[in-house]
Amino acid sequence: MTLWLYVLRRFVVAVLQVQLVVLFLVLLFTGVENIRSLSRYDASGADIAQLTLLQSPAIVAQAFPLVLMLGALSAFLGLSRSSELVVIRASSVSAIRVLHLPVLVSIGLGFFGIFVFNPIVSTTSERADVMEDDFRLGGRSVLSFSNNEIWLRQGSEGGQTVIQADRVSANGVVLYGVRLHDYDPDGQLVARINAASASLLNQEWALRDVKRWPLDTLSTQALEPPQLSREYRIPTDLTPDKILDSFAPPDRVSVWELPEFIRQLEAAGFSAIRHRLYLQVEFARPALFAAMVLIGAGFSMRHVRFGQTGVMILMAVLAGFALYFFKDVAESLGASGAIPITLAAWSPPAAAIMLATALLLHLEDG
């Protein structure tokens with residue numbers, strides 16, 4: 001047990017060292033980018049620092065698999081250079097057994113990332129988006145769901161328009177059961193519109209079977225009968241792609257809330273394939289972490305007397321980035337529906353685990 005705890009301690013220390021370096025770089029480059037992009041909006045230093053801290057967890061979570069790989073590479077390369085691995089193998093302990101605790105810890109970190117760190121990342125990322133939008137001029141188009149209804153906001157120099165609809169077509173072009181509320185730049189309600197449907201044409205909404213109530217918020221008179229029209233046009237800068245992409249991205253929704261969000265998304269008529277894929281990718285995170293540890297260990301457990309240490313380190317780094325590339329390609333195919341979502345999410349880490357294990361068995365000499 002002492003041996004396993006010693007190896008685990010070396011691994012954890014190496015991972016923490018790499019993580020501190022990565023965190024410093026993330027804070028540095030993110031902060032510089034925020035200074036560059038928000039300087040025109042007169043953002044204070046405290047605002048930029050707060051925004052940088054809110055954006056950092058998402059970047060750290062994305063880079064953590066590489067941190068694990070580099071940590072494993074550093075830890076086992078140190079054990080190899082000090083000939084401690086030779087002593088361990090001479091005591092009839094195989095390389096696979098040495099990796100038991102580091103792999104189990106990486107899997108545990110994967111579950112921690114799913115159920116604890118993921119909600120933190122989604123919350124901080126959403127707050128960072130809101131804070132960044134507050135600095136920028138003009139309204140932002142936002143789509144959300146409430147009780148299976150669709151809420152869309154579009155902004156312009158003339159004010160804001162809040163659009164509520166019962167459902168939407170699959171391509172995001174037609175809304176059904178539409179209710180619109182027009183606000184002036186001061187936030188005062190100026191008109192309410194009900195329509196049977198709203199079709200998105202070239203830079204305008206075409207409403208059919210319309211009832212329109214012009215509102216004078218300063219008047220105390222009763223609401224007048226609505227103005228009826230067969231068709232009514234409202235200018236917009238929205239496109240079908242903007243509508244489909246404007247609701248909460250998958251990484252802005254906690255895994256605890258994502259299943260319900262997917263249900264609401266599909267009930268409203270949208271495709272939830274991106275969100276289903278993201279959920280499966282998150283569940284595959286422990287396997288991905290284990291794969292990165294095996295990759296880092298597989299290229300660093302050879303004794304230094306065999307030489308080519310630099311080549312092995314380079315190959316480990318290239319293997320890690322190759323896994324990321326394969327993962328991105330598989331997720332792109334899954335998001336487009338070309339391959340099943342489960343295959344897209346689980347095949348990259350599964351393939352990496354098998355190949356890394358095969359490499360360890362090939363290099364095993366004791």
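The values are calculated or read from the model by the stated rules, or taken from the named source; none is laboratory data. Here the structure is a predicted model, which is why all the values come from computation and not from measurement. Note: ideal-geometry Cβ built from the backbone for every residue, glycine included; neighbour counts use all protein chains shown. Just so you know, the surface numbers come from the protein's heavy atoms only, side chains and all, with ligands and any DNA or RNA stripped out. Shrake-Rupley method; radii C 1.70, N 1.55, O 1.52, S 1.80 Å.
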Q: Give the calculated FRET efficiency between Glu33 and Val12 to the nearest 0.05, with a Förster radius of 45 Å applied to their Cβ-Cβ distance.
A: 0.90
Q: Could you work out how far the C-alpha centroid of region 49-106 sits from that of region 307-366, in angstrom?
A: 16
Q.
In Å², and per residue, what accessible area does region 1-53 have when probed at 1.4 Å with the other protein chains present?
A. 65
(Q) As a test question: what accessible area, to the nearest 10 Å², does Tyr324 have when a 1.4 Å probe is rolled over all protein chains in place? (A) 50
Q: Using a 1.4 Å probe over the heavy atoms of the protein chains, calculate the carbon and sulfur portion of the accessible area of region 272-346 as a whole percent.
A: 71
Q | Packing-based ranking, highest mean first, of 334-345, 57-68 given that Cβ atoms within 10 Å are counted | A | 57-68, 334-345
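Between Thr239 and Gln50, what FRET efficiency comes out of the Förster formula 1/(1 + (r/R0)^6) with R0 = 30 Å and r the beta carbon distance, rounded to 0.05? Write out the running numbers ahead of the final one.
Values: r = 33 Å, r/R0 = 1.08.
Here the calculated transfer efficiency is 0.40.
Give, in nm to one decimal, the length gained when the segment between Ile273 and Glu231 is fully stretched (0.36 nm per residue of separation minus the Cα-Cα distance). Could you put the intermediate results ahead of the total?
Numbers: separation 42, 0.36 × 42 = 15.12 nm, distance 3.43 nm.
Answer, rounded to one decimal: 11.7 nm.
At 1.4 Å probe size, with the rest of the protein present, what percent of the exposed accessible area of region 16-123 is carbon and sulfur atoms? Kindly include the intermediate steps, with their values, before the conclusion.
On the way: 3840 of 5320 Å².
It is 72 percent, rounded to a whole number.
Between Phe112 and Phe24, what is 0.36 nm times their sequence separation minus the Cα-Cα distance? Round to one decimal in nm.
Values: separation 88, 0.36 × 88 = 31.68 nm, distance 2.22 nm.
In short, 29.5 nm is gained.
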Q: Mind grabbing the accessible area of Trp4 for me, 1.4 Å probe, Å², rounded to tens?
A: 60
